[in-house]
Amino acid sequence: MKPRRTGKSAEVARALASVHRERREQRARERVVRRARSLGWLDASAFGYRMPSAAALLHDAEWVRETPDHACWRCGVTRVPFEDVAAGCAECRDRVMACGGVPIHGVVRLGRYAPPLSQWVPAIKQRAWRDMGVTLGRELGLQVLDAVATGRIPKPDEVVSVPVHWLRRMLRGIDHARTIADEAARVLGVPCSAALRVPLARRQTGGSREGRLDNRRRFDRGGSPLMVPKGVVLVVDDVRTTGGTMRDAASALAEQGAVGFVMAACAVADPPSRASLRQNVDKF
Ligand SMILES: [Zn+2]
């Protein structure tokens with residue numbers, strides 16, 4: 001046991017001890033910050049960000065999914081008030097909705113790509129927000145059921161999500177489209193399969209013409225032959241902008257034997273022509 005020091009020497013010892021303690025604590029704080037910075041990317045991908053509860057957020061924002069008559073059932077763009085969309089809207093009426101000879105029966109969405117969906121949906125992949133992915137996936141499943149109830153689209157037999165490259169998925173820590181698709185499939189009571197994947201490497205030059213065309217393909221068959229889709233396939237992605245990604249996915253599925261498609265996205269971006277049309281109507 002140390003002898004108890006008294007008077008001035010004890011005071012000096014206490015002051016020194018406090019200086020040492022402060023330095024130790026400061027170093028520990030710096031270490032924590034350094035570690036957080038160096039592991040930030042891992043933290044985001046492997047452990048997820050701390051994100052708010054999606055259900056609470058939806059409740060606070062008083063958000064509800066739109067009714068099917070807000071959008072064109074055929075192409076998914078926002079319907080302008082009083083527009084007759086029985087045979088499609090002005091954007092899609094003259095277009096044949098098919099992919100590789102297989103019909104696209106319709107497009108289902110939760111809403112237009114605008115706040116709050118334009119803030120929530122990208123955060124699913126950027127911040128590995130699984131909770132929001134599951135919540136919006138459930139809503140999307142219910143929206144598909146509502147659309148089926150209108151009698152315009154058939155009930156899907158299977159759900160397939162637009163695939164993400166494995167490296168991207170690993171770095172993000174989430175397959176956002178699959179998260180949404182899994183929950184939508186659960187609501188619909190149908191299987192969700194990994195029928196597609198992003199090719200590991202695409203050769204850009206050389207080979208035959210067929211080979212080059214093949215190399216240009218964006219998605220190919222993933223997994224085992226057991227995953228070949230049957231019947232009407234619900235193709236799920238987070239956002240639909242031009243529809244090109246979903247069409248590429250559908251083309252790959254058409255070759256595998258799908259007999260029809262229904263496209264579903266949490267949010268659909270309107271083409272500029274539609275946005276200006278809507279603004280004109282909003283003036284009235
Ligand atoms: Zn349309």
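The values are calculated or read from the model by the stated rules, or taken from the named source; none is laboratory data. From a predicted model like this one, the values you see are computed outputs, not experimental measurements. We place every Cβ from the backbone using ideal geometry, glycine too, and count neighbours over all the protein chains shown.
Confirm whether Val198 is crowded, with 17+ Cβ neighbours inside 10 Å and modelled with pLDDT of 90 or more. The answer is no for Val198. Name the residues in the stretch 48-74 that are in a helix (DSSP H, G or I) and among the hydrophobic types (A, V, I, L, M, F, W, C), would you? Selection gives Ala54, Ala55, Ala56, Leu57, Leu58.
None of Arg130, Arg138, Arg109 is among the basic types (Lys, Arg) and touching a Leu at 6+ places or on another chain (Cβ under 9 Å) except Arg109. Gly223 meets the conditions (1) touching a strand residue (DSSP E or B) at 6+ places or on another chain (Cβ under 8 Å); (2) at pLDDT 85 or above in every case but one. The failed one is (2).
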